[in-house]
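Below is one structure; the comments refer to it alone.
The values are calculated or read from the model by the stated rules, or taken from the named source; none is laboratory data. Quick caveat, the model's predicted, so the values are computed rather than measured. Every residue, glycine as well, gets a Cβ built from its backbone with ideal geometry; the counts of neighbours run over all protein chains shown. Each accessible area value is taken on the protein alone, full model and side chains, heavy atoms only, with ligands, DNA and RNA left out. Shrake-Rupley method; radii C 1.70, N 1.55, O 1.52, S 1.80 Å.
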Amino acid sequence: MKKNLLLIIFSWSCLCLTAQVQKNETLPLTQDGKFVLGCNYWASHAGTNMWNDWRPDVIDEDLKQISEAGLQVIRVFPIWPDFQPIYQYYGAKGNLQEIRFKDGPLPGTGPGKDGVSVVQLDHFRQFADLAEKHNIKLIVGLVTGWMSGQLFIPPALEGRRILSDPVSIMWQVKFVRNMVHEFKNHSAIAAWDLGNECNVMESMENSEAAYVWTASIVNAIKAEDQSRPVVSGMHSLSCGSNATWRIQDQAELTDLLTTHPYPFWSPHTNQDPSNTIRTIMHSAAETRFYGDVGGKPCLVEEIGIMGLMEANEQTKTEFLRSILFNNWANNCHGVLWWCAYDQNQLDFTPYEWYAVERDLGLFKTDRSPKPVVGELQKFRKFIDGLPFDSLPPHKKEAVCILTDGQDQWGAAYSTYILAKQAGFDIEFQYGNQPLKEAPLYIMPSIKGLTLINRKEWLSILDKVKNGATLYVSFDLGFLSPFVEPAGIDIVSSQNRTEAAGFISNDGSIKTFSMGASRKLKVKPSTATVLAHEKDGNPIFTVNDYGKGKIYFLGFPMEMNLTNTPSGFTENAPECWKVYQRIADELIEKNRLVRKNDPYIGITEHKLADGSMVIVLVNYSPEDKNVELTIKNGWKIKKAIYGKASEDSKVSIPANDAFVLFLSQE
């Protein structure tokens, strides 16, 4: 019976799946080059209990304060059991007799027939009216069954597998359709979010089950409202064949992907101070990873520092300033801070349990703003004052190919940072997706026996034959054919007893060493050796292959950096110079502006009139004096943010940015 009901729900979902979002967004969430600012919201007096402890006067004051801070959008959460307070009632021998409200049966008509509380619908209507009053748009997290470390489940569904049990899915569909139907004509609603991190609500058995649940909720929304984007609301997605919650599936079914890139919670990201390059790069790297692999817009939907035991207010503000400019420059669509108000006065769960959830607000409990509010206001003024409507896409020189067998996010993370340090930009794809066009392909820290299908691998080699460059670094991954195209002979291999060494043959990169599990004894056949180990074993080679080149690095540099605290500090190995070596000709040919500091990021954006917007971001907590090399025939027209000198030198304060116009002479 359960299986049949699940098939019915899935079949209904598929019938609705073809519905597409019409382009009438009230907020440019999915438009490239646009950037929104907002926060996640719980009422200042009540946190997750706001719908039951309903105080519209407090909420009115909250939204007024948020609007005056320059925020355009808030993400709001109708707690599921508050809005669908259904209970199971039993008869003889424990048999289920009826699902009903606590104080009476479900009515035969109206919202109540779906177990939805008309009282809470009225509260939400008041809330939406107040948001409209203060010119704030809403992203509505529909199935809010998980929040701040606690599950919130209607009593009638307790004990069930929340995301895969067909009875649970049925009631979710009823609730979602009801909510969307009730509020689809309210102008304050900007988007419908599936819910808050719903992939935390159950450990799903496989990706098919995750797909069925997502399709059911998405199409419950679109059955009622096809005019607004559907937002994923998920975090911690992946792209590999063994992943349960896949980026590709969420991208297929929703209109806007999301990241929740907290440094404290995400893998690999909490190793260095919050105002340094690794931590600052996290949100843009993960958001571009999702967006590129999924082929859909992606938004930084939650982000923040987890209270004063992670960083003080000054460091938090420096972190925010850097990520605002970095995400804007890299087409990440917006940033929503977590959250609006501190919650340290609340004496109920989840705040009773988790100290880490209590001090995350933009505003303190006495309504005084924290320094981050000023930073948001300053950035909003910058965006509103730009002399162009939207920031054009930035140049990208390379595609990073992520494959099965590896930690895809870990490999993507360091690859993104290294490319930025070297002075070029990348986009991502999964190895078994159709190959994107690019002059440079990067396969970082390959690992596994079935890392990419033969067809896709041969497509990469064909691109190299026709003039592309390929870089591969080794972490016990197998490719075939490889040794002949790479121009090397692997004489033998063995487990390592010491770290891999890197001694540059021409001295252009300082000697360093890194851990590796396997040593390949390499003999060049047609390849040129660029670096070797202390025993003379070649460790970095390049070989002509057709019209292109193949670079091979014999250890997993990217994953080593990902797993090493302080791996990107200013005293770290010059690993970025390896990337500069593989892309140097391409950078010289493609870039109008080059910089002399690996802790400065640079993006180039071409406007319709042919002029260029150049964005530089300082990923360091130190002031930087940066010398720019500008291609002949171009000149700095004016600075939009910051001040340039006559000799193409710019000063960028710690954790800040510099934005300029470049025009032809």
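Taking θ as phi - 60°, what are the ³J(HN,Hα) couplings along region 70-78 by the Karplus curve (6.51, -1.76, 1.60), each to the nearest whole Hz, with x for Gly and Pro?
The phi angles translate into x, 7, 9, 9, 10, 9, 10, 10, x Hz.
Enumerate the amide H contacts of Met147 below 5 Å, restricted to partners 5 or more residues apart or on another chain; note that Pro and chain-start residues carry no placed amide H.
Hits under the 5 Å cutoff: Phe152.
So for region 286-389, if I pair up every lysine 8 or more residues apart or on another chain, how many of those pairs have alpha-carbons under 22 Å apart?
7
Taking H placed 1.01 Å from N in the peptide plane, check which residues at least 5 places from Lys137 or on another chain put their amide H under 5 Å from its amide H.
Val73, Ile74
With all protein chains present, calculate the accessible area of Val231 using a 1.4 Å probe and round the result to the nearest 10 Å².
Roll a 1.4 Å probe over it and Val231 shows about 0 Å².
For region 445-506, what does the alpha-carbon gyration tensor say about shape, rounded, prolate or oblate, given a ≥ b ≥ c as the root eigenvalues, a/c under 1.5 as rounded, and a/b over b/c as prolate?
Because a/c hits 1.5 or more and a/b fails to exceed b/c, region 445-506 counts as oblate.
Under the rule of -39500 (n - 2.57) per DSSP H run of 4 or more residues, summed and divided by the residues of the chain, what mean residue ellipticity at 222 nm is obtained, to the nearest 500 deg cm²/dmol?
-9000 deg cm²/dmol
I'd like the distance between the alpha-carbon centres of region 213-250 and region 418-454, rounded to an integer number of Å.
What the calculation gives is 25 Å, centre to centre.
Suppose accessible area is computed on protein heavy atoms with a 1.4 Å probe; arrange Glu456, Glu585 from highest to lowest.
Of Glu456, Glu585, the descending order of accessible area is Glu585, Glu456.
What's the ranking of 211-219, 183-191 by average number of surrounding C-beta atoms within 10 Å, highest first?
Packing proxy ranking, top to bottom: 211-219, 183-191.
Going out from 0 in 5 Å bins, what whole percent of all Cα-Cα distances in region 116-228 drops into each bin?
That works out to 2, 11, 21, 23, 20, 13, 7, 3, 1, in percent per bin.
Take each of the peptides 132-140, 47-55, average the number of other beta-carbon atoms within 10 Å over its residues, and list them starting from the highest.
Packing proxy ranking, top to bottom: 132-140, 47-55.
For a test of the definition: using alpha carbon positions, the gyration tensor, and the 1.5 limit on a/c, classify region 510-567 as rounded, prolate or oblate.
Taking the square roots of the gyration eigenvalues as a ≥ b ≥ c, region 510-567 is prolate.
Which order do Tyr545, Tyr430 take when ranked by solvent-accessible area (1.4 Å probe, heavy atoms of all protein chains), largest first?
Largest to smallest exposure gives the sequence Tyr545, Tyr430.
For Thr564, tell me the accessible area in Å² from a 1.4 Å probe, rounded to the nearest 10.
Taking all protein chains as shown, Thr564 has close to 60 Å².
At a 10 angstrom cut-off on C-beta neighbours, averaged per residue, how do the peptides 632-642, 317-327 rank from highest to lowest?
Highest-to-lowest ranking by the protection proxy: 317-327, 632-642.
With every protein chain present, what accessible area does Asp584 have (1.4 Å probe, heavy atoms only), rounded to the nearest 10 Å²?
70 Å²
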